[in-house]
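Reading through the structure tokens given below for one structure.
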Amino acid sequence: MMKRTVLLTFCFLSLALKAVPAGNIGILGSKPKWSVLAHYQGTITRDEFTQLIQNVYCTHGFAPDLIEINDDTARILTNREAQSFFTLRFAGSDAARNPVPRLWHPAKSLPSAKAGKPLSGLRIALDPGHLGGEWAKMEERWFQVGNRQPVQEGDLTLKVARLLAPRLRELGAKVSFVRNANEPITEKRPDDFRELARKVLIKNGVPQPRVDVLDPNNPGKEQTIRWQSEILFYRYSEIRRRAALVNFKLHPDLVLCLHFNAEGWGDPNNPTLTDINHLHLLVNGSYLPQELEFDDERFEMIRRLLSRAYDEELPLADSVATAMARETQLPPYEYPTTNSTTKVGTSGYVYARNLLATRLYRCPVVYCEPYVMNSKDAFARIQAGDYEGTRNVNGLERKSIFREYADGVADGLVEYYSKARK
Ligand SMILES: [Zn+2]
């Protein structure tokens, strides 16, 4: 999902900085229910809260009136115009903490594992990134080398999920799919967002947005109603629908977001293949000051912080990263800037970043970004497809890239839960 920083930066700016409709809510966001935070009174000490704000969630700073940490309380701005605030009371000590209300189960609260079933009783939702299929070109997760099989990220992630699910079930987990077809979860389609796309563009300084451009390689396409309405469909609407499914129906203890990474490939019909290949994992955090200005994003951050998902997802991500690094032999990805990410944990592979999925799913989320799809090595392995055992690919005996991915994830989960649960 990392390809084309310029594009992603633009869509971030256009959709996040100046949201539509008016009000201080992000794109397709809903009004925050600040009253639910009352359930978290007295569940966290001042030290824990301060440490999470400083080192995980607000590593790029924020306007001083948004969160004010006092001796016994934190004052959180709920609406600047109305000058309204939520006051969080800290626990006086670790021992005095109230239990954290949550629907998911941390490893240490699960009953002891059944023999040979280290994941017994654990509910895992698999979230294969993107849509694939007929949507792959629209979501710009498609490239083709000559007349070889096109590479479509959404199809690759689904293939991994379908290999991973039976392995995790064998280990005792209850596995569900957030997506199990090359189709969107959302009922909406790009045409449903034409009016919103127009408003977003006007608000972002494009007074008379064009409906369409004919040349897909023209960078001006981002300022068209078509491009904006498509991204509102396949990213914003789709991920918010997935979040509703996770939060109100699946209720997992963990979501695994499965992706493949990429480096800029240029023209998708004549893509650049590279020698660069790497691995990293993401957990939620590292909110930007301008993201924290949105009432809904600030609320979602505080709710996530108070749910203590980080305490679970960080060691989980470290464990999965270590197992995946062993399995794939890939070096850690280093972001070219620290503008939107913060390295966390001990493995060297894990970053905090505020992605929609990692923010909205109300449980621990581990977001995997192994392999550069347009690296020469990964490309050859993707073309080789899935197979049992090993085969000689690019001069080396290798597992199929899909099984290697699934094995790395499964091994990391087994290592974490074997240690962390009683
Ligand atoms: Zn992706």
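The values are calculated or read from the model by the stated rules, or taken from the named source; none is laboratory data. Just so it is clear, the structure is predicted and the values come from calculations on it, not from any experiment. As a convention, Cβ positions derive from the backbone with ideal geometry for all residues, glycine included, and neighbour counts pool all protein chains shown. Side chains included, ligands, DNA and RNA excluded: accessible areas come from the protein's heavy atoms. Shrake-Rupley method; radii C 1.70, N 1.55, O 1.52, S 1.80 Å.
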If a/c stays under 1.5 just call it rounded; otherwise compare a/b with b/c (prolate if a/b is bigger, oblate if not). Do that for segment 237-278, with a ≥ b ≥ c from the square roots of the Cα gyration tensor eigenvalues. oblate
Sparse-neighbourhood loop sites, GluC sites (Glu not before Pro) in segment 23-98 - DSSP loop, at most 16 other Cβ within 10 angstrom: GLU81
Give me the dipole magnitude in Debye, nearest 20, for the chain about the Cα centre, with unit charges on the beta carbon: positive for Lys and Arg, negative for Asp and Glu. 1000 debye
Output needed for the chain: three equivalent-ellipsoid semi-axes, defined as square roots of 5 times the C-alpha gyration tensor eigenvalues, in descending order, whole Å. 33, 30, 18
Provide the FRET efficiency to the nearest 0.05 for the ASN217-ARG148 pair, computing r from the beta carbons and using R0 = 25 Å. 0.75
With the dipole of segment 351-422 worked out from charges on the C-beta (+1 for Lys and Arg, -1 for Asp and Glu) around the Cα centre, which of SER418, MET373, ALA352 lies farthest toward the positive end? ALA352
By accessible area of protein heavy atoms, probe 1.4 Å, what ranking do TYR333, TYR361 get, highest first? TYR333, TYR361
Beyond 15 Å, what percent of the Cα pairs of segment 23-80 remain? 61 percent
Using Cα positions and a limit of under 13 Å, work out the aspartates and glutamates in reach of LYS117, with same-chain residues fewer than 8 apart set aside. GLU170, ASP411, GLU415
Where segment 92-225 is the region considered: accessible area per residue in Å², 1.4 Å probe: 53 Å²
In nm, to one decimal, how far is the modelled label at LYS31 from the one at ASP47, with both set 7 Å along Cα→Cβ? 4.0 nm
Gyration tensor (alpha-carbon) shape descriptor, segment 134-258, a/c threshold 1.5: oblate
Using alpha carbon centroids, what distance separates segment 291-351 and segment 147-171, in Å? 23 Å
For each pair in LYS33/LYS137; LYS137/LYS376; LYS114/LYS399; LYS137/LYS249, compute the distance between the two Cα atoms and list the pairs where it is over 32 Å. LYS33/LYS137
Looking only at the chain, where both bridge partners belong to it, what percent of the DSSP beta bridges are antiparallel (to the nearest 5)? 50 percent
Amide H within-cut-off set for SER286, under 5 Å, with H built and near neighbours excluded: TYR57, CYS58, THR59
With every protein chain in place, what's the accessible area of TYR387 (1.4 Å probe, Å², nearest 10)? 10 Å²
Tell me the label-point distance for the pair ARG169, SER112, using the 7 Å Cα-to-Cβ offset, in nm and rounded to one decimal. 2.8 nm
The set of residues whose placed amide H lies less than 5 Å from the amide H of MET373, leaving out same-chain residues fewer than 5 positions away, is ASN261, ALA262, GLU263
When every protein chain stays in place and a 1.4 Å probe is rolled, HIS39, HIS280 sorted by accessible area with the largest first are HIS39, HIS280
Links exceeding 27 Å between C-alpha atoms in this model, out of LYS203/LYS343; LYS31/LYS221; LYS343/LYS419, come to LYS203/LYS343; LYS31/LYS221
At 1.4 Å probe size, put PHE299, PHE248 in order of accessible surface, largest to smallest. PHE248, PHE299
Taking amide H positions as placed in the peptide plane 1.01 Å from N, state which residues far from SER400 in sequence (5 or more) or on other chains have amide H under 5 Å from it. TYR387
Multiply the residue gap between GLN54 and GLU187 by 0.36 nm, knock off their C-alpha separation, and tell me the result in nm, one decimal place. 44.0 nm
Roughly what % antiparallel, to the nearest 5, for the DSSP beta bridges in segment 213-367? 35 percent
Once the Cα gyration tensor of segment 84-152 is diagonalised, semi-axes √(5λ) in Å: 44, 25, 9
Taking 2.2 N^0.38 Å as the expected size of a compact globular protein, what ratio does the Cα radius of gyration of segment 265-422 give against it, to two decimals? 1.16
GNM of the chain, Cα pairs under 10 angstrom: of HIS60, HIS259, HIS130, the biggest fluctuation goes to HIS60
List the relative contact order of the chain as a percent without decimals, with contacts defined as Cα pairs under 8 Å and 6+ residues apart. 22 percent
Cα→Cβ-extended label distance, 7 Å offset, between ASN180 and GLU68, nm: 5.1 nm
Probe 1.4 Å, all chains present, heavy atoms only: HIS251 accessible area in Å², nearest 10, is 60 Å²
Quick one: compute the contact order of segment 197-295, relative version, from alpha carbon pairs under 8 angstrom and 6+ residues apart, as a percent. 15 percent
